[in-house]
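Okay, structure first, notes after.
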Protein chains: 2
Amino acid sequence: MREVSIGIIGFGTVGSGVVKILNDNADVLKARVGLPIRLKKIADLDLDSDRGVKVDKSVLTTSVEDIFNDPDISIVIELIGGYEPAKTFTLKAIENGKHVITANKALLAEYGHEIFRAAQQAKVDIGFEAAVAGGIPILRSLREGLLANRYEKVLGILNGTCNYILTAMYDNPGVSFDQVLKEAQTFGYAEADPGLDIDGFDTAHKLTLILALTHGIQIKPNQIFVQGIRDIDAFDILMAKEFSYRIKLLALIISHGQDVEARIHPTMIPQSHPLAGVDGVFNGIFLRGDMVGDQLFYGKGAGKEPTASAVVGDIIEIARNVVHGEAGGVPPLGYSDQWKPTGHVLDMSGIRTNYYLRIQAKDQPGVLSNVSGIMADHSISIHSVMQKGRHASATVPVVFLTHRAREADMRLACEKISKLDSIEGQIKILRIEDESLS
Amino acid sequence: MREVSIGIIGFGTVGSGVVKILNDNADVLKARVGLPIRLKKIADLDLDSDRGVKVDKSVLTTSVEDIFNDPDISIVIELIGGYEPAKTFTLKAIENGKHVITANKALLAEYGHEIFRAAQQAKVDIGFEAAVAGGIPILRSLREGLLANRYEKVLGILNGTCNYILTAMYDNPGVSFDQVLKEAQTFGYAEADPGLDIDGFDTAHKLTLILALTHGIQIKPNQIFVQGIRDIDAFDILMAKEFSYRIKLLALIISHGQDVEARIHPTMIPQSHPLAGVDGVFNGIFLRGDMVGDQLFYGKGAGKEPTASAVVGDIIEIARNVVHGEAGGVPPLGYSDQWKPTGHVLDMSGIRTNYYLRIQAKDQPGVLSNVSGIMADHSISIHSVMQKGRHASATVPVVFLTHRAREADMRLACEKISKLDSIEGQIKILRIEDESLS
C-alpha cells in the first residue's frame, strides 16, 4: 500500500473545508498516517461553483457510483446531510466494504442502529466525531479516554446558533429575540429557516448520540423532552442576571442509578458554572464522571474548518488502522449488540428540578397568596420572589424561583394558576440547573 | 478468550485507585470491553497496609517476576514512578510481550524513545494518558481527534500543587508563598519535598510528552527553560490583579513555522483568558489548532481516582484491541521513526514576549529615566509603569510592563539596571502571555 484513497460525497461547506485541510496540511497528515492521503473522487451535482479550494477537475464527478465502485477508495465521507439520499449512500458504501465518515447527526440519531449494525457485519468503521460539537473531540473522549467512569452528568451547549443568540441578548440588555435572530441570520450564524436550531431539534439529535455512548441507551430524538429558545425574551435575560444566572440552551443527561434524565431546554445556570462562560458560537460540554470528577471541553462547535478538522481527524484514525490492518467492525457502545442497557430514560413528568416561574399579575391584593397557595397545594415550595418593572400598566410581572419540585406537579400548578382571575396571559416556566439550590 | 488479565506493579495511591475502579465499575467495564477484566496480580513490597480497597490476598505478590512470567497477563500497569526500577520493569514487560500502561511522566520524558522503540519491535502498546493532566483525555485528543491540525499554541496548567498555591495566594491577598505552601502540605496538596512540583520539573516532564505528540520533537526536560513559582510573592499577585492579570505556572508551546518555543514559567495571563478560571488543584489545557481554532480542556489533573480513571481508560482501550486482535505496535508521533521533525525548539534567548519587570528603587529623582534609558538602549519599549506601596521605607517597588521584547535583550538590560546605584536587591522578571499586547 502506497497511499490511502478517499472519496467525498457532497462538496458543500464542510466538504470544501476537508479539501482545504487535505491540501494545506498534507505534510503533517502524511507524517501522522504514515502514508499520503489521496483524495480520489468528490461527488456533487454542482461541479462548477468555486469553493475557494484547489481541486483537480478530474477528481470531480456527478455520480456517487464512481466512488462506490472504485476499488482504491477505502474511506467514503458523507457530507450531504439530511436523511435521504444520505442513508442510502451510507449503506451502499458500507455494503461495498468502505469505511464511512459522516457529520450527519440527524441520520445517526434516527438510523444509527441500522447503520452501525451494517458496519459491524461488513467489518468497516463509522467515524462520526464531526456530528457533535464540531471540532471538540468529545465523542472520542466519551468512547475512549473517560470510559472508566459512570457518567453521572453531562450538560452540553451543543448549538452555536442558539448560543450566539442567547449571548447577544445577554450582552445587549433589552434587545428582542427577533432582532438578534435577524442579526444572526445576516452574519450567517443562523439559517434562513432557523427552526432546526432554535427549536432544539439539532441539539436533540446530538443528545441521542451522546446518550448512546454514555449510557448505551438508544432513543429517538422525538422521544426526548425538547423546548427551544424562541420564547426567551429580554425580561427573562434580565431576571436571570438579577439572580446571578445565565440562560443557555442545554442538553442535559443526569443519571439516577440505572435510569437517566435526558432533556433539552433553556436552562438557568449560575454565572460561576464552567458553562456560563461558553459564549457566542462556541460549544461546551460539562461532564461529571464518578471517578474523574468534573471536566469541561470547550471549542468551536460548527463552521467549515472546525467541522472539517473533526472529519479529517477521523480520516487519519481510520487510515492509520487501514495501514496497520486494524480497521473495522468495533461498533461504539450503544450501537453494539453486546451492550444491553438495564436502565431507561425517565419520563419528563417524573423529574425533579428547580423552576423559574413568571406570571403577569394584576396589581391587586391577594395575588401572591393565591399563587403561592396553589404551589403549596402541589408540594412546590418557593425559594424567592421578585417583582420588577414598571407599575404604570395594570399588570406586573412576578417571578418565582422554586425549591426542587416535580415536573408533573409544576405543570398542574401552572394550569391552575393560569385560571386565576388575577393572572393575565401565559405563564412561563424555565428550569434551573443549580446544585447549590435544594 | 474469556477475559483479559492484567497485572499491576505498585500498590500505592494510584494503584489502589485502579483497583477501586475495577471493583466498583466492573459491570460497565465488562460491557465496554466486551469481556471481563481480571486483576490477576499486584506486585508490591508492602503486602500488609490497608489500601481501603477489597482485594483477594492471592492476588498479591512481592515478586514482579510473577507478573512477567504469567502467560495469562496481557497488560502490565507500572505505577511505581521514578526512573528505576520502573524502567527495567517496563522494558522487561515489553520484552515478555506485555502491553504496558504507565502514569510515569519522568520515565517517558527521559527514556520515551527507548521504551516506544522496544514496544514497536515487540508489537505491544504503551498507554500513558495518565502521565499528563490526570483524568483529562488530552494526550488522546492530541494524538487522535485533533490530528488534522497544525498545533499553533498549547498552554497548559499541568501541576495541581502549583495551581493550588497560586490560587490560594490570589484568593488571600497578602499571604506569603511559604504560608500557603505549608498549608498545601498539611492538606496533602503538596509533597513534603515540594521541589519537583514548585520548581517546575514535573511540568517540564509533561511538556516534553506533549511536544513529542504535537510537533514530533523529542527533547529532554533539562533542555527546556524552566522557572518555578518559588519567587512569586504577595506583591506580584497584587500587581497582577492591578493589571487585570492572573499568574499561572504555564507550560508554553508556541509554533513559529517549523520551529517552536517550549518553555515553563510563571506567566501573567489576562483575567479573561480561558485558563484564568482554572483554579485550585484543577488542570487546564488551552490549545489553538490552525483549523479547529481555540479549545479548552479542564478537569482534575491529579489524585487517586482521576489518575486511575486515565489508567483504566487505557486498560479498556488496549483490552478492546486485544479482544479484537488489533493491539500493538503503532507508536505515537514523536516516538515513531517515521516522523522526522524538520523544526527544532528555539533557544530561549531568542524568544520575544511581554515582560513584567519589578525593581526596588531608591525614592530619588532620575531613577525612572535611568531605568527606561537602559531599556531603550536594548530595544525594550515600556507599555506601562506602576509605583505602588508605602513610601515609609527608603526604597519603593516599581513595576514596568513592556511591549514585546527579546529575552536576550531583557536579560542584558536587567544586568545593567541591577548595577544602578539607585536600585536595591534583585530585579524580578515575569513573562506575560497576552495577545492584546503588542
In the P(r) worked out for chain A, what percent of Cα pairs fall beyond 28 Å? 53
Probe 1.4 Å, all chains present, heavy atoms only: A:Tyr111 accessible area in Å², nearest 10, is 70
How large is log10 I(q)/I(0) at q = 0.20, 0.25, 0.32 Å⁻¹ when the Debye formula is applied to the Cα atoms of region A:1-43, each weighted equally and without solvent? -0.61, -0.88, -1.13
Could you order B:Phe128, B:Phe235 so the one with the most accessible surface comes first? Probe is 1.4 Å. B:Phe235, B:Phe128
Considering amide H positions built from the backbone, and no H for Pro or chain starts, which residues 5 or more places from B:Ile42, or on another chain, come under 5 Å of its amide H? B:Ile8, B:Leu60, B:Thr61
The protein assembly as shown - accessible surface per residue (Å², probe 1.4 Å): 38
Can you spot the aspartates and glutamates whose alpha carbon is less than 12 Å from B:Lys40's alpha carbon? Ignore those fewer than 8 places along the same chain. B:Glu3, B:Asp56, B:Asp66, B:Asp70, B:Asp72
Mind putting a number on the dipole of the protein assembly as shown about its Cα centre? Charges go on the C-beta only, +1 for Lys and Arg and -1 for Asp and Glu, and I need it in Debye to the nearest 20. 200
Using only the Cα atoms of region B:1-145, build the gyration tensor, take square roots of its eigenvalues as a ≥ b ≥ c, and label the shape rounded, prolate or oblate: rounded if a/c is under 1.5, else prolate if a/b is larger than b/c, else oblate. rounded
Taking every residue of A:16-29, the Cβ atoms of other protein chains inside 10 Å of its Cβ average out to 3
For a quick check: with amide H placed at 1.01 Å from N, whose amide H comes under 5 Å from B:Leu250's, ignoring anything fewer than 5 positions away on the same chain? B:His265, B:Thr267
Among B:Tyr151, A:Val278, B:Thr342, whose Cα lies farthest out toward the positive end of the dipole of the protein assembly as shown, if unit charges sit on the beta carbon of Lys, Arg (+1) and Asp, Glu (-1)? A:Val278
What gaps in nm, shortest first, separate A:Gly97 from its twins in the other copies when you place the label 7 Å past Cα toward the beta carbon? 3.0
Add -39500 (n - 2.57) for each DSSP H run of 4 or more in chain B, then divide by its residues: what number comes out at 222 nm, to the nearest 500 deg cm²/dmol? -10000 deg cm²/dmol
For chain A, give the percent of accessible area contributed by carbon and sulfur heavy atoms, probe 1.4 Å, rounded to a whole number. 48
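Once you keep just the Cα pairs under 8 angstrom separated by 6 or more residues, what percentage relative contact order results for region A:171-317?
That works out to 16 percent.
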Scalar couplings 3J(HN,Hα) for region A:294-303 by Karplus 6.51 cos²θ - 1.76 cosθ + 1.60 (θ = phi - 60°), nearest whole Hz, x for Gly and Pro, are 8, 9, 10, 10, 9, x, 7, x, 7, x
Hey, what do the phi angles of region B:370-381 turn into as Karplus ³J(HN,Hα) couplings, whole Hz, using 6.51/-1.76/1.60 and θ = phi - 60°, x for Gly and Pro? 4, 5, 5, x, 4, 4, 4, 4, 10, 6, 9, 9
Acute angle (nearest 10 degrees) that the helix A:201-215 long axis makes with the longest principal axis of chain A, alpha-carbon atoms: 80
Could you state how much accessible area is buried at the A-B interface, both sides summed, with a 1.4 Å probe, in Å² to the nearest 100? 4600
So how strong a dipole does region A:163-298 carry about its Cα centre when Lys and Arg Cβ are +1 and Asp and Glu Cβ are -1, to the nearest 20 debye? 280
Other chains near B:273-286: what is the mean number of their Cβ atoms within 10 Å of each residue's Cβ? 1
For A:Lys388, counting only lysines whose alpha-carbon sits under 20 Å away and dropping same-chain residues fewer than eight positions off, the answer is A:Lys241, A:Lys362, A:Lys428
For region A:102-165, rounded, prolate or oblate, judged on the Cα gyration tensor with a ≥ b ≥ c (square roots of eigenvalues), a/c < 1.5 rounded, else prolate if a/b > b/c? oblate
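Checking the a/c ratio against 1.5 first, then a/b against b/c, what shape does the Cα gyration tensor give for the protein assembly as shown?
rounded
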In Å², nearest 10: area of B:Thr395 left accessible to a 1.4 Å probe: 10
Every other copy gets compared here: list the nm distances from the A:His256 label point (7 Å along Cα to Cβ) to its counterparts, shortest first, one decimal. 5.8
How high is the relative contact order of chain B? Use alpha-carbon pairs under 8 Å, at least six apart in sequence, and give a whole percent. 17
Under a 1.4 Å probe, counting only protein heavy atoms, A:Leu60 has an accessible area in Å², nearest 10, of 30
Tell me the distances, shortest first, between A:Ser438 and the same position across the other copies, using label points 7 Å along Cα→Cβ, in nm to one decimal. 5.8
Considering amide H positions built from the backbone, and no H for Pro or chain starts, which residues 5 or more places from B:Gly228, or on another chain, come under 5 Å of its amide H? none
Calculate one ³J(HN,Hα) per residue across region B:351-358 by plugging θ = phi - 60° into the Karplus curve 6.51 cos²θ - 1.76 cosθ + 1.60, and present them in order as whole Hz with x for glycine and proline. 6, 10, 8, 8, 10, 9, 10, 10
Hey, got the average number of other protein chain Cβ atoms within 10 angstrom for residues in B:127-140? 3
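The values are calculated or read from the model by the stated rules, or taken from the named source; none is laboratory data. Predicted model, so just to flag it, every value in this text is computed and none were measured. Here the Cβ is made from the backbone with ideal geometry for all residues, glycine too, and neighbour counts use every protein chain on show. With ligands, DNA and RNA removed, areas are computed over all heavy atoms of the protein, side chains included. Shrake-Rupley method; radii C 1.70, N 1.55, O 1.52, S 1.80 Å.
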